[in-house]
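The structure appears right after this line, and notes come after that.
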Amino acid sequence: MRASTVLWDIDGTLVKSGGVAARAFLDAVTEVTGTRPSAERRDYGGRLDSEIADMLLRAVDADTALIPDVLKALERLVEERLDDLRAQTSAFPGVAALVARLAGAGVRQTVVTGNIEAVARHKLDAGGLIPPLDLGFGGFGDSAPDRASVARFALGRLAAAGWNPGPDEVWIVGDTPRDLDCARAVGVRCALVATGRRGVGELSGLGADVVLPGLADPRPLLHRWGL
């Protein structure tokens, strides 16, 4: 069945941003709590910013009631560092051409992301993807308490605008198992791309409808989408 709606993940799927927002997250927790989390590698992929804030607050033994304060500081710090974000952010190979092609074919495109809305907008703007992505219909890390609810929020915004595709016409595209879990939770299709931290081998056994090494050659995806 032809795809009519694509809900994109951002980090590791559409753009890479050089860790500017990740460093701002550590700085936000430090500012709010007075203690800096260690820079150890954590599994942030596919998580909401509120979940990441929770993880980092727990890492410094701080009260998780401070999550809203951390997110507010994060938004401000990223805005203060927009020059760095713009300098270090780029769309992955093939992304710009693919989203433009989908727009030309009448496919409705927005995002389902763990990023809070302000940070998502900054990243996508820096990556040159607004437009064709329409964030007015997106679901963000500050839209709902979990990833599936974020997706339902986006689908609800589309429905309120009169866009009511069948579940087989809707695809979530991401780079982590949590993107697949989200798609399954809301009953839509899923494509995974290995442009994040997980390779094709790791993603292939998860049960996604399509797994690609990246979007530089989107032909298998376009074929599946009937485009």
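General remarks:
- Remark: the Ala97-Asp209 segment gains 38.1 nm on full extension, using 0.36 nm per residue and subtracting the alpha carbon distance.
- Surface per residue (accessible, 1.4 Å probe) for the range 90-227, Å²: 40
- Nearest 10 degrees, 0 to 90: helix 117-126 Cα axis against the chain principal axis: 70
- Label corresponding to percent of Cα pairs over 23 Å apart when calculated from the structure given, among (1) 48; (2) 56; (3) 45: (3)
- Whole-Å distance, taken between Cα centres, linking the range 136-203 and the range 77-116: 16
- Rounded to the nearest 10 degrees, the angle from helix 49-59 to the longest Cα principal axis of the chain is 30 degrees.
- C-alpha long axis of helix 177-186 to longest principal axis of the chain, angle in °: 60
- Paramagnetic reach from Ala105 (point 7 Å along Cα→Cβ, amide N under 19 Å) across the range 5-22: 5-9, 14
- Gyration tensor (alpha-carbon) shape descriptor, the range 70-149, a/c threshold 1.5: oblate
- Averaged over its residues, the range 20-80 has an accessible area of 50 Å² per residue, based on protein heavy atoms and a 1.4 Å probe.
- The overall shape of the range 172-227 is oblate: from the C-alpha gyration tensor, with semi-axes ordered a ≥ b ≥ c, the ratio a/c is 1.5 or greater and a/b is no larger than b/c.
The values are calculated or read from the model by the stated rules, or taken from the named source; none is laboratory data. Since this is a predicted model, take the numbers as computed values, not measurements. Counting neighbours? That spans all protein chains shown, and the Cβs are built from the backbone with ideal geometry, glycine included. Surface accessibility is based on the protein's heavy atoms, side chains included, excluding ligands, DNA and RNA. Shrake-Rupley method; radii C 1.70, N 1.55, O 1.52, S 1.80 Å.
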